[in-house]
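Colleague: Provided herewith is a single structure, encoded as structure tokens, for subsequent inquiry.
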Amino acid sequence: MPRKLSRNAPCPCGSGKKYKHCCIRKDFEWVETDDGDIARRVEVPEEVMQALEGLRQAQVAKFGREPERIFEGAPPFELVEHWTVEAMKKAGVDPALIYAFEKTGFVLNDQSENKLPDTEIAEWEAAISEYEKKTGQKATRRRLSDQDFEGIMRNGPKQTSRQLPSQLVERLPFPPPFTKEVWGQRHLRDIIEEPEYFDYFQRCLTEVVRSGRADTYLNMFLMMAHCDSTSRKELYREDLLEVATNRHFSAEELKRALESVAISFGPKGAMPNAAAAFEFLAFIGDSINSYAEHLGIQDQLNDSLVKINSFAMLAFVAAVNVELGMRDDIWTA
């Protein structure tokens, strides 16, 4: 059970003040969890609780079990950030505010101001000032308006979810070395058993490492693994990435993350197309397999890795089908 923080303790927001002279006046409270972590507790409105319960019921109906986390199967951070920025641009949000969102990882309006520590508000203000100095353009306002949020909702992920961030591939990097007719006569097993197909699979995967996109995919996975295992709530994307890339993960943490990947990146999942899904799944499967072999935990991850590699093969087939003009991308169906 979380315990209230002492009024005389240093405020966790990093202001250097005592808690009683800082965040204690805000619409949230700092608490200490049973494992010693400091978390920010915010009262959740009844309508939000009802929405979360509806989400839980939908996930139980979909997966046949209680979700391990509230937003199980949700898109990775990079995709969510990309979709949000695109929606903000389409809604005509001031570029200075978009810059502040990308810099801080949160949005600030009149309603949210008292739910954020002063240090984060200062971070937002500093980002706007930085934008003004870089561009020479004055921000028209320093907070998002209700109209901004309405525009963002109208232009949100449902309209932009098929657009990919520039770091993710949209098509396979090379044309297939075989014809549509030959490909149409083969089965999924042929990719593994016949050198011609497996060599092409490997050549495409090698291109991922050469292109630099592998870093993006690995960062996504590490943040998913970290978020599945951490109880901290106030780390934003850049902080999460820094912490995650410097962590050592247990077999159980990697297994949970791989299961999340299987849900998020399977057909009709969060990844918008088969080429990107193939690159992500194949690279992550190969990387975690090597890591598991190094640590001697392959047996513990075997089932999860088999599932990831199977999805990678399916995504590869779907991507080749697109390249050969045989059918639409099943990942966007």
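Colleague: Got a sec to turn the phi values of segment 169-181 into Karplus ³J(HN,Hα) couplings, 6.51 cos²θ - 1.76 cosθ + 1.60 with θ = phi - 60°, whole Hz, x for Gly and Pro?
Modeller: For segment 169-181, the Karplus-derived couplings read 6, 9, 9, 4, x, 10, x, x, x, 9, 7, 4, 5 Hz, x marking Gly and Pro.
Colleague: Cβ neighbours within 10 Å, averaged per peptide: list 311-323, 83-95 in order, most packed at the top.
Modeller: So the order, starting with the most tightly packed, is 311-323, 83-95.
Colleague: If you don't mind, there's one more thing I want to ask. Could you give the nm distance between label points at GLN298 and GLU194, where each point is 7 Å from its Cα heading toward the beta carbon?
Modeller: 2.8
Colleague: Starting from the Cα-Cα distance between LYS18 and ASN114, subtract it from 0.36 nm times their residue separation and give me the gain in nm to one decimal.
Modeller: Length difference between fully extended and current span is 32.8 nm.
Colleague: Give the peptides 188-201, 13-26 in descending order of average Cβ contacts within 10 Å, highest first.
Modeller: Final packing ranking: 13-26, 188-201.
Colleague: Determine the gain in length on full extension of the stretch ARG210-GLU242; use 0.36 nm per residue of separation and subtract their C-alpha separation, reporting nm with one decimal.
Modeller: Additional length available on full extension: 9.2 nm.
The numbers here are math on the coordinates, done by the rules we state, and not lab data. Remember, it's a predicted structure, so these values are computed and weren't measured experimentally. Don't worry about glycine lacking a Cβ; one is built from the backbone with ideal geometry, like all the others, and counts go over all protein chains shown.
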